[in-house]
Amino acid sequence: MARSKITIVGAGNVGATTAHIAATRELGDIVLLDIVEGLAEGKALDIAQAGPVQLYDSLITGTQDWQKTKDSHLVIITSGLPRKPGMSRDDLLVKNVKIVKDVSQQIAKHSPDSIVIVVCNPLDAMVYAAARVTNFAKNKVMGMAGELDSARFSYFLATELGVSVKNIKCVLMGGHGDDMVPLPRFTTISGKSVTELLDTAKLDELIERTRKGGIEIVNLLGCSAYYAPAAGAVKMAEAILKDKKTEVPCCAYCDSEYDAGGYFVGVPVVLGKNGVEKIIELDLNDSELAQFQKSLAHVKHLAEQVDKLL
Ligand SMILES: NC(=O)c1ccc[n+]([C@@H]2O[C@H](COP(=O)([O-])OP(=O)(O)OC[C@H]3O[C@@H](n4cnc5c(N)ncnc54)[C@H](O)[C@@H]3O)[C@@H](O)[C@H]2O)c1
């Protein structure tokens, strides 16, 4: 039986970390591609040489040559500028849409049957761009952000409540921006909503820290986060490649769902071998719906800018 082939575009912080985690989980053979000469080759060689220590058998190839990505089952796009202190994700749009356009054309040419996970920012707009340029079926193009944002919320809750992160089922929706929509009413520990476990002021504080979770790390590091984003991308890749039917928050195409009207936005989905196999529709109350609609309006505004640039 052939092993899965995974291409990771961009061998920077997120891309290389994604490659390493994917290798440790033996998800398949990995092609790491970057435009910078030697970068992908060097990182791939280093990751391959950790194999005998960590006992994984994945083949890892670093390259600048798209030919080597041919017939990938899954492509993860991490190529794009990250934020620096003082920048918003939206500030990256003009430069990153160009990169995503070039990369998506190569993906459509070399791996026309692949499933694509976009990671670069501004996330929802870059997923929209990749879907438009590849013209792949809508269930086969998606973005990783909700997994990261909900992981941040889970971590803050677990720390506050003194429970294992494994015991928290976090639900979060909306675009990957400051107007993301953590949903404490649906976020549970052993079936009990966190709204019953923490007072409103504390919950609001943790939600605010989650919303600003990206810039907190940018301000500390001078560049954006990569361990948790890479872990999120690998969880989604694993769900697809192993047809796990895993429920994850994911930037997915929604039309009638949540009345989104044909945009890519963060919602709970089921991931399996066909990509996004199902969108889970939660029964949001008026306040939650209003927050989601505000976030969606932002996503639509960014998509309009993408339309002008493509
Ligand atoms: N979705 C999320 O939750 C999330 C989280 C963290 C970072 N990000 C985003 O992911 C992207 C990557 O972040 P990073 O920290 O790895 O940045 P980085 O600068 O470390 O790496 C980006 C890499 O992409 C490469 N690249 C640029 N254009 C390319 C092209 N046309 N083809 C191939 N490679 C190309 C660069 O040479 C660089 O090595 C950024 O846009 C960042 O904002 C998203």
Subject >> Per-region count, the range 177-188, residues open to solvent by 20 Å² or more (accessible area, probe 1.4 Å) and touching a helix residue (DSSP H, G or I) at 6+ places or on another chain (Cβ under 6 Å) >> reply: 4
Original post:
Would you pick out the residues in the range 55-103 that are open to solvent by 70 Å² or more (accessible area, probe 1.4 Å), within 23 Å of Ala2 (Cβ to Cβ) and not acidic (Asp, Glu)?
Top reply: Leu55, Leu59, Gln67, Lys68, Lys70, His73
Original post:
For the range 62-81, does any single residue satisfy the condition of being part of a helix (DSSP H, G or I), within 30 Å of Lys212 (Cβ to Cβ), touching a residue at least 24 places away in the same chain (Cβ under 8 Å) and in contact with a strand residue (DSSP E or B) (Cβ under 7 Å, 6 or more places away or on another chain)?
Top reply: no
Subject >> Out of Lys5, Lys98, Lys68, sole residue that is at pLDDT 95 or above and within 10 Å of the ligand (Cβ to nearest atom) >> reply: Lys98
Subject >> Tabulated pairs, the range 22-51, first assigned to a loop (DSSP other than H, G, I, E, B), second surrounded by fewer than 16 Cβ atoms within 10 Å (Cβ to Cβ), C-beta under 6 angstrom, 6+ apart or interchain >> reply: Gly28/Arg3
**OP:** Run down Val270, Val276, Val265 and say which single residue is open to solvent by less than 30 Å² (accessible area, probe 1.4 Å), within 18 Å of the chain's Cα centre (by Cα) and free of Cβ contacts under 8 Å to residues at least 40 places away in the same chain.
**Re:** Val270
Original post:
Is there any pair linking a residue in the range 124-143 that is assigned to a helix (DSSP H, G or I) to one that is of a type in the set (Lys, Arg), with Cβ under 6 Å and at least six apart or on different chains, and which?
Top reply: Val133/Lys101
**OP:** Take Asp124 and decide whether it is more than 9 Å from the ligand (Cβ to nearest atom), of a type in the set (D, E, K, R), open to solvent by less than 20 Å² (accessible area, probe 1.4 Å) and under 16 Å from the mean Cα position of the chain (by Cα).
**Re:** yes
Original post:
Would you pick out the residues in the range 207-232 that are crowded, with 20+ Cβ neighbours inside 10 Å and within 8 Å of the ligand (Cβ to nearest atom)?
Top reply: Gly214, Ser224, Ala225, Tyr226, Pro229, Gly232
**OP:** Output the number of residues of the range 132-144 satisfying the condition of being open to solvent by 10 Å² or more (accessible area, probe 1.4 Å) and either within 16 Å of the ligand (Cβ to nearest atom) or closer than 14 Å to Val97 by Cβ (or both).
**Re:** 3
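The values are calculated or read from the model by the stated rules, or taken from the named source; none is laboratory data. Since the model is a prediction, treat every value here as computed from it, not as a measurement. Note that each Cβ is placed from the backbone with ideal geometry, even for glycine, and that neighbours are counted across all protein chains shown. The protein model used for the area step is the full one, side chains on, heavy atoms only, and it has no ligands, DNA or RNA in it. Shrake-Rupley method; radii C 1.70, N 1.55, O 1.52, S 1.80 Å.
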